[in-house]
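Structure first, commentary second.
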Amino acid sequence: MSLRTPLGRFLGLGATHHAVGHWVAQRLGAVALVPLTLWFLVSLLALPAFDYATLSGWAGRPWNAVLLLSLVLALAHHSWLGVQVVVEDYVHDRGAKFAALIVLQLAHVLLAVAGVFAVLKIAFGSFA
Amino acid sequence: MVAFRLPANSRIDRSGRVFKAAPGAKDVRTFRIYRFDPESNDNPRIDTFEIDMATCGPMVLDVLIKVKNEIDPTLTFRRSCREGICGSCAMNIDGINTLACTCACSGLGAEVRIYPLPHMPVIKDLVPDLTNFYAQYASIRPWLQTRTPAPPDRERLQSKEEQEKINRPSACILCACCSASCPSYWWNSDRYLGPAALLQAYRWLVDSRDEATGERLDALDDAFRLYRCHTILNCTEACPKDLNPALTIAEIKKMLAEREH
C-alpha cells in the first residue's frame, strides 16, 4: 500500500539519461552491419573451396582480418544492445532483470573476445 | 508488466445474460458487451444484446445509450460530446480502439464485440482507470514554460508557420486509444510515456514560444519514457483523429540525436 501520488509514482527515480547514445549506437551498428555482412557472405561464397587451409588463408589476409574484426565487434555490440532492450521490455522482476542483463552482457563480451582472438590467431599465426 | 494471461479474477465468463430483440424486428444486430461489476465478487462476463437497428441511431454510442435507457440501466460507460471531440467514449470495438460516438455500426459485422480499452485496470464495465495515463500527461509539463516575461501589451506572438507546427498535435483529445493499443505501453506503462503523452511532449517541444525545450528533451532522454517506442505504429493506426503519434515520436528521437553533435 502506497499513498504516493500517481505523478510521483510515474516520475520514479527520474530520467536515465544517455538513452540517446544507446539508440544512435544501435542504428550505427545496423548501418555498419549491412556492408560487412554482405562482404562476408559474398567473399565466403566466392572461395574455391571450404577446407581449413583455404579459409584460414583467406581470413589471415590483412584487409580480410580487419573487416572480420569489425564484423565480430559490430555484431557483438549490436546484439548486446538489442538483447538488452528485449530483456528490459519483458523481464519485470528486478532481481531476474539485473541477473539476466549481467549474464548476457558478460556473454557478449566473452563472445567478442573469442572472435577477436580467433581472427588474430589466424592472422598472426605464423609469428606465434 | 508482461502478462500473456489474464489474472484468475479477470478471466471472462462467456456465458453472460442474453437480451433478445423483440419478435418482428427487421434489422437486428448483435452486440457482445464486456461487463464487470466491482461490487460483486463475480468475474467479468460478456452480455449479449440484440438490437433492432431500425429503432436505434447509427453509431455504436447510440446502441450503448439505447441499451442503458431501454434494456439494462446498469451498463456503465463514459460519454459526453457524442461528436469525437471529448475523447470520453474510447473503447475497444471489434478489436480496434476507437471512439464509440464516431464508429458507425454499418461499417461493422453482424456481431459486434465491445470491450474497455485493453490492458488498463477496469473500474466498471467499459470504464477503464486512466489515473496513470493522466499522471503521464502531467509529467511532461503540458504548459508553456518561458523565461522571457510576457509582453505587457499583447499576447506572445507566433508566426503562421510556427503555429502550423503545433496545429495537428494540438488536435489530440487524449482519448487514450493510441496508448492502449501499444504493446510496449501494455508491458511498460509504469515507465514508458506512451504515444499520447509523447505526442503532447512534441507539441510543447515545437512550440516556438516555449523556452524549456532543452529541459523537456533532458526529461525524455530516458531508456523507458521515450525509447520504449519500437515503431510498432499501432498508435497511428488506432488514432480516431487521424493524427500520427509515431511520426512525432520519431521527430523527438531526431531532435535528441541532433543535439548530440
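Observations
- GluC sites (Glu not before Pro) within segment B:89-194: DSSP coil, no more than 14 neighbouring Cβ in 10 Å: B:Glu155
- Dipole check for chain B: with +1 at the C-beta of Lys and Arg, -1 at the C-beta of Asp and Glu, and the Cα centre as origin, the magnitude is about 300 Debye.
- Positive-pole candidate from B:Cys105, B:Ile33, B:Leu61, dipole of the protein assembly as shown, charges at beta carbon: B:Ile33
- The ranking of A:Val72, A:Val34, A:Val86 by Cβ neighbour count inside 10 Å, starting from the fewest, reads A:Val34, A:Val86, A:Val72.
- Estimated FRET transfer efficiency when R0 is 41 angstrom, pair A:Leu120-B:Glu251 (beta carbons, to 0.05): 0.40
- Per residue, chain A reaches -27000 deg cm²/dmol at 222 nm when only DSSP H runs of four or more residues are counted, each adding -39500 (n - 2.57).
- Summing Cβ point charges (Lys, Arg +1; Asp, Glu -1) relative to the Cα centre of segment B:131-259 gives a dipole of roughly 80 debye.
- Listed from fewest to most Cβ neighbours within 10 Å, the set B:Leu144, A:Leu33 follows the order B:Leu144, A:Leu33.
- Percent RCO, i.e. relative contact order, over chain B, from Cα pairs under 8 Å lying at least 6 residues apart: 16 percent
- Among B:Leu205, A:Leu106, A:Leu120, B:Leu99, the ranking by other beta carbons within 10 Å of each residue's beta carbon, starting with the fewest, stands as A:Leu106, A:Leu120, B:Leu205, B:Leu99.
- Label point distance in nm, B:Glu258-B:Ile71, each placed 7 Å from Cα along Cα→Cβ: 5.2 nm
- Less than 5 angstrom separates the built amide H of B:Phe19 from those of B:Thr48, B:Phe49, B:Glu50, all sequence-distant by 5 or more or on a different chain.
- Whichever lysines have a C-alpha closer than 20 Å to that of B:Lys20, once near sequence neighbours (fewer than 8 apart) are set aside: B:Lys66, B:Lys68
- Mean-square fluctuations from a GNM of chain A, with a 10 angstrom spring cutoff on Cα atoms, peak among A:Gly82, A:Gly57, A:Gly14 at A:Gly14.
- FRET efficiency estimate (nearest 0.05) - Cβ-Cβ, B:Ile232 to A:Tyr52, R0 41 angstrom: 0.35
- At most 10 other Cβ within 10 Å, DSSP loop - chymotrypsin sites (Phe, Trp or Tyr not before Pro), segment A:7-101: A:Phe50
- Inter-part distance where segment A:72-107 and segment B:3-71 are each reduced to a Cα centre, Å: 44 Å
- Proximal aspartates and glutamates relative to B:Lys160, as straight alpha-carbon distance under 13 Å, when same-chain residues fewer than 8 apart are discounted: B:Asp207
- Residue mean of other protein chain beta carbons inside 10 Å, A:4-17: 6
- DSSP beta bridge pairing in the protein assembly as shown, given as percent antiparallel to the nearest 5: 70 percent
Values quoted throughout were computed directly from the atomic coordinates according to the rules given, and no laboratory measurement underlies them. Note that the structure is a prediction, hence the values are computed from the model and not measured. Don't worry about glycine lacking a Cβ; one is built from the backbone with ideal geometry, like all the others, and counts go over all protein chains shown.
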